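Worksheet for the structure shown next.
The values are calculated or read from the model by the stated rules, or taken from the named source; none is laboratory data. As the structure is a prediction and not an experimental result, all values here were calculated from the model. Every residue, glycine among them, receives a Cβ derived from its backbone with ideal geometry; neighbour counts consider all protein chains shown. The protein model used for the area step is the full one, side chains on, heavy atoms only, and it has no ligands, DNA or RNA in it. Shrake-Rupley method; radii C 1.70, N 1.55, O 1.52, S 1.80 Å.
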Amino acid sequence: MYLDLRTKLADHLRRASYRVVSPFKVPVGWVDIGILRKRIGIDILAGSYESCVERLTSYPFREIYVIGDCEGCTSLEEFCKSFKIEVPSESFEELGNPSMQVKAIEDSLAYLYIVREVYEKDISYNPLKTSIADLKMLGFVTSSSKPKLKPEMFASLTHEGFAASKKVVLRRIMRNEEELRKLAESPRNYIIALGISESLAVRSIHEKPEDYSLKSLLNFMKKFPLEEMGYTNEVHPKTLLCQFIVNSVLNDDAIEFVRRLSKMGLAFKIKSYTPYGYEMGEEYRVAREAVEAILKFGYAEIPREVIGEFLAATYPLRHSDIYPILNQAGQHLFKAEEEGLCRIDGTKITLGEKFSEYARVRLAMILERIIGNLS
């Protein structure tokens, strides 16, 4: 699997004095290796070549490499020769069955790794209930509180606990590779994975469209809280669109997606709390490695034109300076100006009273087009 090769390649490159980050976060998910200073991006082909290229080109690398056996790829031997490193040997870790006590500790480590922290007054995960004292004694878990007055304690992993728990999660990825590949066969699941790649969390929404017809989507968008769409130019446009899709028409599919991951021990449903111990609701939290695997194994194209329409409908709702989106969304904004929905002065935009109505209609049409192409 790519995880073993990625680890060994990163280690060989570090020994050759390259400054390596692995995996490396890019605007569209992650790539396997980023070499700092030289700004080189490296991804190992494990399913979709298009996905490799899109993720690599979403970041301003000076050089990019897709390692694999395909047209456009660089072979492993050629890559290692170019960087003057040893070709990694293949090895596969045998996964035995741990004892009950060890399993509880491993399950608890994976749980904390994925959910990030738990409110100690309400630990609902049984393995953690029984092993948290042992984990603290081993130095894997620590307690902390943000309020100094009447502190509420939250448990989270220490540096040593994080390193140990990551190994547990990576073993789960390897153990469930076949099932993850089946999930990735659906372009719908790729869109969901990209939509949750920034937050690694999913909440169930209450309002849902009756179906995917334009009439139903128009009715749904009339009630959709546009003011909550806090999208910025710090997130890749395709990722923004997929976030919107997850939080709207594909929310039920997203919940089903993370439930399937939860059966693999790669997602958990939790109650979230404020630092003062007030419950905020329930959500699923997802292992980054699971999302990364889906993005690597599968792919779903969304036309640049559609993404431009999405930006034109949503970005001006929160920003008066439209310079960051003019290249991709300018034609749609200028058309909206011709229809009297806004006024554009240079890179500044002033919205008319009917712009939000226009945005809702455009978003419904965009959703119908995307869902139709996925069916």
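Listed values, structure above:
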| quantity | calculated |
| --- | --- |
| Straight-distance crosslink candidates among lysines, where the alpha carbon sits under 16 Å from Lys335 and sequence neighbours closer than 8 are dropped | Lys348, Lys354 |
| Area of Lys103 that stays accessible when all protein chains are in place (1.4 Å probe, Å², to 10) | 90 |
| Alpha carbon centroid spacing (whole Å) that separates region 1-48 from region 165-236 | 25 |
| Pair-distance profile P(r), taking every C-alpha pair of the chain, with 20 angstrom steps and integer % | 25, 52, 22, 1 |
| Largest to smallest accessible area among Met280, Met365 [probe 1.4 Å] | Met280, Met365 |
| Relative contact order (percent, whole number), the chain, Cα cutoff 8 Å, 6+ residue spacing | 15 |
| Longest site-free stretch - the chain; sites: chymotrypsin sites (Phe, Trp or Tyr not before Pro), DSSP loop, at most 10 other Cβ within 10 Å | 93-277 |
| Size of electric dipole in region 124-271: Cβ of Lys, Arg +1 and of Asp, Glu -1, about Cα centre, debye, nearest 20 | 520 |
| Cys residues of the chain counted as unpaired, since no other Cys beta-carbon is under 4.7 Å | Cys52, Cys80, Cys242, Cys342 |
| Charged-residue dipole, Cβ positions (Lys, Arg, Asp, Glu), the chain about Cα centre, Debye nearest 20 | 980 |
| 16 Å Cα-Cα reach of Lys136 towards aspartates and glutamates, excluding residues that sit fewer than 8 places from it in its own chain | Glu106, Asp107, Glu117, Glu120, Glu160 |
| Accessible surface, region 216-375, averaged per residue in Å² (probe 1.4 Å) | 46 |
| Helix-only [θ]222 nm of the chain, DSSP H runs n ≥ 4, -39500 (n - 2.57) each, per residue, nearest 500 | -15000 deg cm²/dmol |
| Heavy-atom accessible surface of the chain: percent carbon and sulfur, 1.4 Å | 49 |
